Amino acid sequence: MIIKELKIFSQNVQKDNFIINTILEVNRDFDIIFIQEPLWMTIRSIPSESNAKGISLLGVPNHPNWLKFARDPCLTNDLPRVISYINIRLSPLCFSLRKNIICHYDILLVSFFNNNSLYWIMNVYSDSSHTTLKYLKNTEINISNLLIMTGDSNIRDSTWDPLFPHHSTFSDDLFTIADSFNLELLSLTNCVCYKTRVWTDFG
């Protein structure tokens, strides 16, 4: 299987899993869906040697048409704030979550093969303290062919928000990080920040 382009959807759902379920159901023509700030909920209790009542197994929405990629929520105070869904029709491309390269609960780096070449996509959430932004700035990540890095950076800036009159110094850090991956800023197809439709051409 060889693809020429990808259709990607990204949205912060603000801990509303009904929105995730709706996105997965109505956007089946998309190839990849990036979600930020999902709500992790208890699915069931599982046996534990240290707790007679068991421990909670946490989860986020599944859908039969989508492959879900998410870090395991090991600690309740350290829940991952990014998940990614890959349309099941793209499963022959062997998508893989690469925690061996980036091990951070607010970054999902996923690799896949297309036409015998390795490509990468990255879903990012950075909180109001810009924790993830600082991590990416201070961490050397040696990958090539990163197609897209998108998500919610929690940065308001006049560069991409015409309703905001100021420039943020954190935006400079974001541009530095993007430049290190040979990425360029993409224009939004609508005026809603952090929600965009992106077509990536493999050439």
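Just to be sure, is ILE143 touching a residue at least 12 places away in the same chain (Cβ under 8 Å) and more than 13 Å from the chain's Cα centre (by Cα)?
Answer is yes for this residue.
So, in the stretch 1-23, exactly how many residues are aliphatic (A, V, I, L, M), outside any strand (DSSP E or B) and under 24 Å from ASN154 (Cβ atoms)?
4
Could you pull out the residue among ILE121, ILE102 that is outside any loop (DSSP other than H, G, I, E, B), buried (at least 17 other Cβ atoms within 10 Å of the Cβ) and at pLDDT 90 or above?
ILE121
So, in the stretch 142-156, exactly how many residues are among the polar types (S, T, N, Q) and either in contact with a helix residue (DSSP H, G or I) (Cβ under 7 Å, 6 or more places away or on another chain) or farther than 20 Å from ASP172 by Cβ (or both)?
4
Return only the number of the condition from (1) within 18 Å of SER10 (Cα to Cα); (2) surrounded by 21 or more Cβ atoms within 10 Å (Cβ to Cβ) that ARG156 does not satisfy.
Going through (1) within 18 Å of SER10 (Cα to Cα); (2) surrounded by 21 or more Cβ atoms within 10 Å (Cβ to Cβ) one by one, ARG156 breaks only (2).
Please find, within the stretch 105-117, the residue that is modelled with the lowest pLDDT out of those that are surrounded by fewer than 18 Cβ atoms within 10 Å (Cβ to Cβ) and in a strand (DSSP E or B).
SER117
Would you pick out the residues in the stretch 134-153 that are surrounded by fewer than 12 Cβ atoms within 10 Å (Cβ to Cβ) and assigned to a helix (DSSP H, G or I)?
The one that is surrounded by fewer than 12 Cβ atoms within 10 Å (Cβ to Cβ) and assigned to a helix (DSSP H, G or I): ASN138.
Taking only the stretch 7-41 into account, find how many residues are surrounded by fewer than 19 Cβ atoms within 10 Å (Cβ to Cβ), among the charged types (D, E, K, R) and more than 11 Å from HIS63 (Cβ to Cβ).
Number of matching residues: 4.
Any residue in the stretch 161-175 that is without any contact (Cβ under 8 Å) to a residue 24 or more places away in the chain and closer than 15 Å to SER129 by Cβ sitting within a Cβ distance under 9 Å of a residue that is among the hydrophobic types (A, V, I, L, M, F, W, C) and assigned to a helix (DSSP H, G or I)? List the pairs, counting only those 6 or more apart or interchain.
These pairs meet every condition: SER168/LEU174.
Just to verify a result, which residue in the stretch 69-99, among those that are at pLDDT below 95 and of a type in the set (S, T, N, Q), is nearest to LEU57 (Cα to Cα)?
Restricting to residues being at pLDDT below 95 and of a type in the set (S, T, N, Q), the top hit is THR76.
The values are calculated or read from the model by the stated rules, or taken from the named source; none is laboratory data. Predicted model only: the values in this text are computed from it and were never measured. Note: ideal-geometry Cβ built from the backbone for every residue, glycine included; neighbour counts use all protein chains shown.
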